[in-house]
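Structure first, commentary second.
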Amino acid sequence: MLDHAVGPRHKVRLGLEEYGCFTAAHDKIPLELHNTNFSTLEELFDLPKEIKVKNTNHVPFHSYLGQISSIPLHEALCINDATNIEEIRSFTNLMWPAGNYRFCAHLFSKLVVELDQMEIKMLFESYGEEKYSDSHIGSTTSLLRPLKYRAPKMMETNLGLNSHKDKSFMTILQQNQVDGLEIETKDGEWIEQLRVGRLTAFSNPIVVFEFWLVSRPVVCLYAYADLMDLFLSSVLSHQGCGFPQICMNFLSAMIIFQGHMDLPLLLSEYKP
């Protein structure tokens, strides 16, 4: 456990250094928005496959994925530049030609990007390198990935997604009320049935500012009932971000939260 006397910046840093993750509270995603999001996600994944496969992109894994024999429970779509209202409209019109006013992806993305940027600033500030945070933030773009892991059929595996390490700089996950995420710590122990009513960040191994080695845990997903996620990933859009050269490798983090929950590390403690 972290010392409660430690400020939020250093709780973020110590959590990433020691455990590869941290949990925090966040209340910017209203319960009504959460419920609307997952209601429309059900509508989205219920669409015929011939509509969903229209979600294409030349970048690998930035388009529709589904009905893959090795991961039959997994299904995903992708919206690039998710804070751009025109990109959201284009995706919405592609999936629902008549429109769908309940699809609140743009509002969700804007709120989550605000959280993403605050976490990045806290991390940079904890190392006394806040001068690099704005240029780094300006070098990133956001991808929104609606995901679904359907409940397994009789005699079918419940492994929704194989163990893996996330490759983006930062990924923020909002999940419905179904558990299934598991995490492997750097000591080789698995944290099972992680409660996603928490804000949790997972980091990639990287030497930051030439002295900080951060661990990156392995994660996997098991589906016991229909499980849906909204992932918003922050990725570097170009290399000219003013970040020290040694840090041009990726620092990856995954943040998992449900905004209406009360959680231990209050981000309201953070004062820029």
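Table for the structure above
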quantity: Any chance residue 98 is assigned to a loop (DSSP other than H, G, I, E, B) and surrounded by 17 or more Cβ atoms within 10 Å (Cβ to Cβ); calculated: no
quantity: From the options 134, 116, residue that is surrounded by 16 or more Cβ atoms within 10 Å (Cβ to Cβ), assigned to a helix (DSSP H, G or I) and of a type in the set (Asp, Glu); calculated: 116
quantity: Cβ pairs under 6 Å, 6+ apart, first in the range 105-116 and closer than 12 Å to residue 27 by Cα, second surrounded by fewer than 19 Cβ atoms within 10 Å (Cβ to Cβ); calculated: 111/28
quantity: Search result, residues across the range 39-48 that are surrounded by fewer than 17 Cβ atoms within 10 Å (Cβ to Cβ) and touching a residue at least 12 places away in the same chain (Cβ under 8 Å); calculated: 39, 42, 43, 47
quantity: Filter result for residue 51 (free of Cβ contacts under 8 Å to residues at least 60 places away in the same chain and touching a helix residue (DSSP H, G or I) at 6+ places or on another chain (Cβ under 9 Å)); calculated: yes
quantity: Test: residue in the range 170-177 that is at pLDDT 65 or above, farther than 21 Å from residue 116 by Cα and surrounded by fewer than 17 Cβ atoms within 10 Å (Cβ to Cβ); calculated: yes
quantity: Hits in the range 137-151 - residues which are surrounded by 22 or more Cβ atoms within 10 Å (Cβ to Cβ) and either part of a helix (DSSP H, G or I) or hydroxyl-bearing (Ser, Thr, Tyr) (or both); calculated: 142, 149
quantity: Count of the range 101-113 residues which are surrounded by 17 or more Cβ atoms within 10 Å (Cβ to Cβ) and of a type in the set (Ser, Thr, Tyr); calculated: 1
quantity: In the range 30-79, the residues that are β-branched (Val, Ile, Thr), in a loop (DSSP other than H, G, I, E, B) and touching a strand residue (DSSP E or B) at 6+ places or on another chain (Cβ under 9 Å); calculated: 53, 59
quantity: From the options 12, 53, 59, residue that is modelled with pLDDT of 90 or more and either over 30 Å from residue 130 (Cα atoms) or in contact with a Ser or Thr (Cβ under 8 Å, 6 or more places away or on another chain) (or both); calculated: 53
quantity: Residue count for the range 51-95, restricted to those that are of a type in the set (D, E, K, R) and either touching a Gly at 6+ places or on another chain (Cβ under 8 Å) or buried (at least 18 other Cβ atoms within 10 Å of the Cβ) (or both); calculated: 3
quantity: Any hit, the range 36-48, residues being among the polar types (S, T, N, Q), modelled with pLDDT of 85 or more and over 20 Å from residue 87 (Cβ atoms); calculated: yes
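The values are calculated or read from the model by the stated rules, or taken from the named source; none is laboratory data. Note that the coordinates shown come from a computational prediction; the quantities given were computed from them, not determined experimentally. Note that we place each Cβ from the backbone using ideal geometry, even for glycine, and neighbour counts take in every protein chain shown.
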